[in-house]
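Chemist: Sharing a structure, written as structure tokens. Questions coming.
The values are calculated or read from the model by the stated rules, or taken from the named source; none is laboratory data. Everything numeric here is computed off the predicted structure, so don't read it as measured data. Virtual Cβ from ideal backbone geometry, glycine too; neighbours counted across all protein chains shown. Note: areas computed on protein heavy atoms with side chains; ligands, DNA, RNA excluded. Shrake-Rupley method; radii C 1.70, N 1.55, O 1.52, S 1.80 Å.
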Amino acid sequence: MVITTVARHVAERLARWRSAPGLHPHGVLCTGTLTVAARSGTRWGVPWLDRPGSYPVIVRWSRALGLPQGLPDGLGLAVRVEEADGPDSTLDLLFTSSRPGRFGRHLPLLRPHALKGPYSTLLSYRMGERERVLAAFPARDPSGTREGTMPTLWQELARRPVRFDSVRAAAPGEPWTTFASLSLEATRPATPSRTVSYDPYTHCLPGLRPTGPLRALRVAAYTGSRHGRTGDDHDE
């Protein structure tokens, strides 16, 4: 399709020009833990979600457009769950600042404060027999402040873990249901040109994969961005 070809070329040129990802060029790379909660009642129908456990994660918290600090920007939370379904099994989940409502969860939201509201996957995931949007909701700051733009994220992570006390899922007409929590614990140095490359279409699990009509467009953009940075169509 013409639109996917254009998306790939635009993302590739942006990445080559920036020597960084075409979108989300600057961010904070950190380590943490994702804890899948025990579920009572109806199971999700996804083996990974139907058994409780804790998993190490590598998270990239970033500004989507790379606008100057102080301006609202679309904020990204890319989560890589290592050994999610056993050795050599990786799960990538990409969340974007959004609203929690039925329609707002599908639209990116420019936000000046990183911890003021939820992050959603925007597009639905196939979870067992249903399609659901996933979202991460930050815990309330015990100090009562909401300063959380990119310069202060380093300071926040230095003084305390940053917690998303609920990672939730919801289908149309369903309330949000919590399935996990996420704690970001320490920063990890990385240059923009050698940051972790996330791809939710390559790194998914049986019964848990992204869907939607924009899949081909997003795959083309990821491939172009990766090729522009590394000259390679495969993950780093």
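Chemist: Residues of the range 179-189 being surrounded by 15 or more Cβ atoms within 10 Å (Cβ to Cβ) and either closer than 13 Å to TYR125 by Cβ or at pLDDT below 65 (or both), which ones?
Modeler: Residue satisfying the conditions is PHE179 alone.
Chemist: A further question on this structure: Counting just the residues of the range 76-103 that are in contact with a Phe, Trp or Tyr (Cβ under 8 Å, 6 or more places away or on another chain) and part of a loop (DSSP other than H, G, I, E, B), which one comes out nearest to ARG126 (Cα to Cα)?
Modeler: Only one residue fits best here, namely ASP85.
Chemist: May I ask you to list the residues in the range 171-184 that are in contact (Cβ under 8 Å) with a residue 60 or more places away in the chain and under 16 Å from GLY101 (Cα atoms)? Write out each step before concluding.
Modeler: Start the filter on the range 171-184 by keeping residues that are in contact (Cβ under 8 Å) with a residue 60 or more places away in the chain, which leaves 172, 176, 178-184.
Correct list: PRO172, TRP176, THR178.
Chemist: Can you pull out every residue in the range 73-105 that is modelled with pLDDT of 90 or more, open to solvent by 10 Å² or more (accessible area, probe 1.4 Å) and either over 23 Å from GLY53 (Cβ atoms) or polar (S, T, N, Q) (or both)?
Modeler: Correct list: THR90, THR96, ARG99, PRO100, GLY101, ARG102, PHE103, GLY104, ARG105.
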